[in-house]
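Here's the structure we're looking at; comments come further down.
The values are calculated or read from the model by the stated rules, or taken from the named source; none is laboratory data. What you are looking at is a predicted structure, and each value in this text was computed from that prediction instead of being measured. Every residue, glycine as well, gets a Cβ built from its backbone with ideal geometry; the counts of neighbours run over all protein chains shown.
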Amino acid sequence: MSRYLQSIKRIVLNRGAYLISYFRLRKILRTVGPGSLVLDCGANVGEISALFLARGAEVIAFEPDPLAYEALLRKIGHHQHFTLHKKAVSDRSGMASFFFHKDRSEGQGGAEFTVSSTLVAEKRNVDVNHSIDVELVDLDAFVSGLDRKVDILKMDVEGAEIAILTRMLDNGSYHKVGLMLVETHETKIPGHQQEVAMLRSRIAALGIDNIRLNWI
């Protein structure tokens, strides 16, 4: 398949994912308004952030991919209730390699492929030879350090979610979040199916009802 057709396919898939997200978010959006705080982890180009901003919420977003970050700034960076960090959420702070989709070419646009960028080198659709170094933010510490509760935390971080959720469960910071919407990526990362299954079992055993996995 030519790169042009690959790009068109990716654009169509991205749009489909957004429409599904919007459909599933409709009831949740009605619970959000002025005074609500939303964290958008893996904000990409800001389509989900924009939905919450339209409801009057304050949104803090994290997006480390440079192409997505610039698109996000152009889209809603001017909004008075929007704060954007060019960082990747993780279970630790520091620096790490951030890998790009295998069909994303240097200097040739490729914004449609930014949804696949990841900290996880084992992810099947990335090129381990095409990466940049990005700053990490320890999400558990970030949430714990806020002086208020987070109403909604959306997390779509291409495989890093398992380590992040494990740390938040260990330290109890999930109690500071009204609802966590987390997309898992076990079909794209070898070994993650068992880890996600264990995470689901742990969440169920603890009787946690504010964490929704695979909400998209």
Q. Taking LEU139 and the conditions (1) surrounded by 16 or more Cβ atoms within 10 Å (Cβ to Cβ); (2) under 26 Å from ILE208 (Cα atoms); (3) out of contact with any Asp or Glu (no Cβ under 8 Å at 6 or more places or on another chain), which numbered condition does it fall short on, given that it satisfies the others?
A. (3)
Q.
All but one of (1) over 26 Å from ASN171 (Cα atoms); (2) surrounded by fewer than 20 Cβ atoms within 10 Å (Cβ to Cβ) hold for THR114; state the number of the condition that does not hold.
A. (2)
Q) Considering only segment 37-68, how many residues are among the charged types (D, E, K, R) and closer than 15 Å to THR114 by Cβ? A) 4
Q: Determine if segment 150-169 includes at least one residue that is free of Cβ contacts under 8 Å to residues at least 60 places away in the same chain, closer than 17 Å to ILE60 by Cβ and under 15 Å from the mean Cα position of the chain (by Cα).
A: no
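This table checks each residue for (1) of a type outside the set (Phe, Trp, Tyr); (2) touching a strand residue (DSSP E or B) at 6+ places or on another chain (Cβ under 8 Å); (3) outside any loop (DSSP other than H, G, I, E, B); (4) on the phi > 0 side of the Ramachandran plot.
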position	(1), (2), (3), (4)
HIS78	yes, no, no, no
MET95	yes, yes, yes, no
GLU112	yes, no, yes, no
ARG124	yes, no, no, no
ILE132	yes, yes, yes, no
Q. Only one residue in ALA197, ALA141, ALA111, ALA204 is among the aliphatic types (A, V, I, L, M) and closer than 27 Å to SER36 by Cβ, so which one is that?
A. ALA141
**Q.** Candidate set from segment 134-149 (those that are part of a helix (DSSP H, G or I) and of a type outside the set (D, E, K, R)); member that is nearest to the chain's Cα centre (by Cα)
**A.** LEU139
Q. Could you give every pair whose Cβ atoms fall below 6 Å, whose first residue belongs to segment 194-216 and is more than 19 Å from ASN171 (Cα to Cα), and whose second residue is of a type in the set (Asp, Glu) and assigned to a loop (DSSP other than H, G, I, E, B), counting only separations of at least 6 or pairs across chains?
A. ILE216/GLU183
Q. Out of all the residues in segment 79-91, is one or more more than 24 Å from TYR174 (Cα to Cα) and either at pLDDT below 90 or surrounded by fewer than 18 Cβ atoms within 10 Å (Cβ to Cβ) (or both)?
A. yes
Q: Identify all residues within segment 100-114 that are at pLDDT 65 or above and either more than 20 Å from the chain's Cα centre (by Cα) or β-branched (Val, Ile, Thr) (or both); write none if there are none.
A: ASP103, THR114
